[in-house]
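Novice: There's a structure below that I have some questions on.
The values are calculated or read from the model by the stated rules, or taken from the named source; none is laboratory data. Given the structure is predicted, the values throughout are model-derived calculations rather than measurements. Neighbour counts run over all protein chains shown; Cβ positions are idealised from the backbone, glycine included. Accessible surface areas use protein heavy atoms only, side chains included; no ligands, DNA or RNA. Shrake-Rupley method; radii C 1.70, N 1.55, O 1.52, S 1.80 Å.
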Amino acid sequence: MVWLVGGCSLVADFGDECTTSGDCAGELVCTSKLCVQAGAGGDAGSTVDGGGPSGPLQLTAECDLLRGATLEELRRDDVIVLGMLMPESGALAEVGPPIEDAAFLAQDEINQSGGLLGRRFVLAVCDTGTDAAQATRAAKWLVEQARVPAIIGPAASSATLQVANTVTVPGGVVIVSPSSTSPALTDLRDQDLVWRTAPSDAIQGAAIAAHLLAGGYGKVAVVNRDDTYGNGLRDAIQRTLCAADRCGEGDYYTRSYAEDSVEDQSRILFELQTFEPDVVVLIAFVTDGIRFLSLAGAAGLDRFILTDGTKDALLLDEVEHEGLLRSLIGTAPASPSGELYEQFALGYRNKWRRDPGVFNAQAYDAMYLLAYAAAGVPEGQPLTGEAMAHGLRRLSAGEAIAAGAGRWNRGVAVLRGDAAATIDFDGASGPLDFGREGEATGDIEGWRFDVDAGRVRTLGVLYTADRVYTAPPTPETEGKR
């Protein structure tokens, strides 16, 4: 399928949103809720000349969404094609589409403000399936066939690590992940091509360990999915506990499980009942987290600390152990706040008729960052990954430019007016002052499930980017704080 940039008007024009073909002007028809020319709907077999080494560009089952242009327009000089790698299936299927929608919102704001001096941004979107191998195949299509200089994503750290090592760094393409948090990405030899708008789990791991130490838990268990995200966060927790001499055999237990292995989880639960921990830190994604918590509840375990991978209200529907859900606490990169975030959230709600979720603001910012990076490439110079990376280095100091359509053209003017000029981009997710490693720091918040309201509720900052711990309220003291 091929999707196009949407807007709203009384009689919908080309690319505008629609419900039926009667909403569209002239001879346009309504396809995938957008007004397009008859026959422009496309499918996985659509092609256009000028593809990569293998010949004409062809959409695939994994890369079937082209947002902002028809397939035939992809090679025109007035479009700038960027890639996006997000999970639309697999364990993170509930997380990926809302993240995509946040990037789409930024794309639309930029294009409706005139794009980059009349050139509109196009997003070629691929489903990573929460699978590193599928993410690698999709990344190869974006790099070799769609020829993108930069990609938003992937979402999962394991996919980001593999894509970077095998496809994008060798191919000279920038990636900006809005949600990959593994510390393994910090020291990656990436030629300045791997960036992220979410803070490293080195901070979240220290936050969890600080909470464990402050809580005086005698026996701690850490159970994690066996991948880059799970192992990296576990190691970050363990380093702090060991430094405090709290990772001995009698007071610390850790095991990992294969994502799809019920047998692994059952074995771990049996061992946990023998170990008798005071609290279990579970590092999981939604699907495997639901399975483990359901088994744990049935086994009588109910003291848990969760992480950002399971910060999803779906657990309230799927885990049938109310006492467990009420007693647990979670950690995650702090929810954005402030005027810029509220403006983003309002735009998100108006466009998609729902509230933004985890890492949505980070994806919105990633789209703006890449657009500004493209704006900083001098006229006549190829829009390569290396040039985009240099452009990203120009966004953390100088004149303050806020995310959103209102300041877009001012930022472009500054960057285009002087090749040495810089701007200080302030995003919906925070200041985003990038360090040497191409990542921004951030606070860590606590959260709980509000069982009665059926939602996730933030408890405020639990651990600051400056490594200061603040005890979160308990269920008994929340109303008094």
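Novice: What shape does region 148-194 have by the C-alpha gyration tensor, where a ≥ b ≥ c are the square roots of the eigenvalues, rounded means a/c under 1.5, and otherwise prolate means a/b greater than b/c and oblate the rest?
Specialist: It is oblate, given that a/c is not under 1.5 and a/b is not larger than b/c.
Novice: Select from V461, S396, A420 the residue farthest towards the positive end of the dipole of region 387-470; place +1 on Cβ of Lys and Arg, -1 on Cβ of Asp and Glu, and compute about the Cα centre.
Specialist: It is A420, whose Cα lies furthest towards the positive end.
Novice: Only bridges with both residues in the chain count here: give the DSSP antiparallel percent, nearest 5.
Specialist: Of all bridge pairs located within the chain, approximately 40 percent are antiparallel.
Novice: For the chain, what is the largest minus smallest coordinate of the Cα atoms on each principal axis, given in angstrom and ordered from greatest to least?
Specialist: Extents along the principal axes: 69, 48, 47 Å.
Novice: Compare the Cα positions of C247, L188, G216 along the charge dipole of region 173-247 (+1 at Cβ of Lys, Arg; -1 at Cβ of Asp, Glu; about the Cα centre) and return the one farthest towards the positive end.
Specialist: So the residue furthest toward the plus end is G216.
Novice: How much length is gained if the chain between E342 and A453 is pulled fully straight, taking 0.36 nm per residue apart and subtracting their Cα-Cα distance, in nm to one decimal?
Specialist: 37.8 nm
Novice: Moving on. Between D77 and T384, what is the label-point separation in nm under the 7 Å Cα-to-beta-carbon projection?
Specialist: The modelled label-to-label distance comes out at 2.1 nm.
Novice: Have a look at region 238-330 and give its Rg and Dmax from the Cα atoms, expressed in angstrom.
Specialist: That works out to 13.2, 39 Å for Rg and Dmax.
Novice: Still on this model: Count charges around Y252 for me, please; just the other residues with Cβ under 15 Å from its Cβ, Lys/Arg as +1, Asp/Glu as -1.
Specialist: Charge balance in the 15 Å sphere: -2.
Novice: At a Cα cut-off below 16 Å, give the aspartates and glutamates reachable from K140, other chains included and same-chain residues fewer than 8 away excluded.
Specialist: Leaving aside aspartates and glutamates fewer than 8 places away in the same chain, those within reach of K140 are E62, D64, D127, D131.
Novice: Using mean Cβ contacts within 10 Å as the protection proxy, how do 331-341, 448-458 order, highest first?
Specialist: Values: 331-341: 19.7, 448-458: 14.5.
Most protected by this proxy first, the peptides run 331-341, 448-458.
Novice: What does the highest-first list of 390-396, 73-79 look like by mean Cβ count within 10 Å?
Specialist: Numbers: 390-396: 19.6, 73-79: 14.1.
Most protected by this proxy first, the peptides run 390-396, 73-79.
Novice: Of L105, A375, P87, which is farthest on the positive side of the dipole of the chain, counting Cα position, with +1 on Lys and Arg Cβ, -1 on Asp and Glu Cβ, and the Cα centre as origin?
Specialist: Farthest towards the positive pole: A375.
Novice: Also, quick follow-up: Return, ordered by residue number, the residues of region 395-433 whose backbone nitrogen is under 19 Å from a label point located 7 Å along Cα→Cβ of A465.
Specialist: From region 395-433, the list is 395-404, 423-433.
Novice: Rolling a 1.4 angstrom probe over the protein heavy atoms, how many square angstrom per residue are accessible across the chain?
Specialist: Ligands and nucleic acids excluded, the result is 40 Å² per residue.
Novice: Once the Cα atoms of helix 408-417 and of the chain are each reduced to a long axis, what angle between those two axes, in degrees from 0 to 90 to the nearest 10, is obtained?
Specialist: 70 degrees
Novice: Hey, got the dipole for the chain? About the Cα centre, +1 on K and R Cβ, -1 on D and E Cβ, debye to the nearest 20?
Specialist: On the way: 38 positive and 67 negative charges, 146 e Å.
So the magnitude is around 700 debye.
Novice: Further question: Hey, with R₀ at 35 Å, roughly what FRET efficiency would A420 and S113 work out to, going by the Cβ-Cβ distance, to 0.05? Write out the running numbers ahead of the final one.
Specialist: On the way: r = 25 Å, r/R0 = 0.71.
For A420 and S113, the calculated efficiency is 0.90.
Novice: Can you tell me the orientation of helix 360-375 relative to the chain, as the angle in degrees between its alpha-carbon axis and the longest Cα principal axis, to the nearest 10?
Specialist: Here the helix axis deviates by roughly 40 degrees.
Novice: So how do 305-311, 293-299, 465-471 stack up, highest first, on mean other-Cβ count within 10 Å?
Specialist: Top to bottom by mean Cβ count within 10 Å: 305-311, 293-299, 465-471.
Novice: Would you compute, from DSSP H runs of 4+ residues alone, the mean residue ellipticity of the chain at 222 nm, taking -39500 (n - 2.57) per run and dividing by the full residue count, rounded to the nearest 500?
Specialist: Helix-only estimate at 222 nm: -9500 deg cm²/dmol.
Novice: Expressed as a whole number of Å, what is the distance separating the alpha-carbon centroids of region 186-231 and region 272-324?
Specialist: Using only Cα atoms to place each centre, the spacing works out to 18 Å.
Novice: Sticking with this structure for a sec: Would you list, by chain and number, the aspartates and glutamates whose Cα falls below 18 Å from the Cα of K219, excluding same-chain residues fewer than 8 positions away?
Specialist: Straight-line reach from K219, under 18 Å: D235, D245, E249, D251, E271, E276, D278, D302.
Novice: Also, I was wondering about something else. Roughly speaking, to the nearest percent, how much of the chain's 1.4 Å accessible area is carbon and sulfur?
Specialist: C and S atoms contribute 48 percent here.
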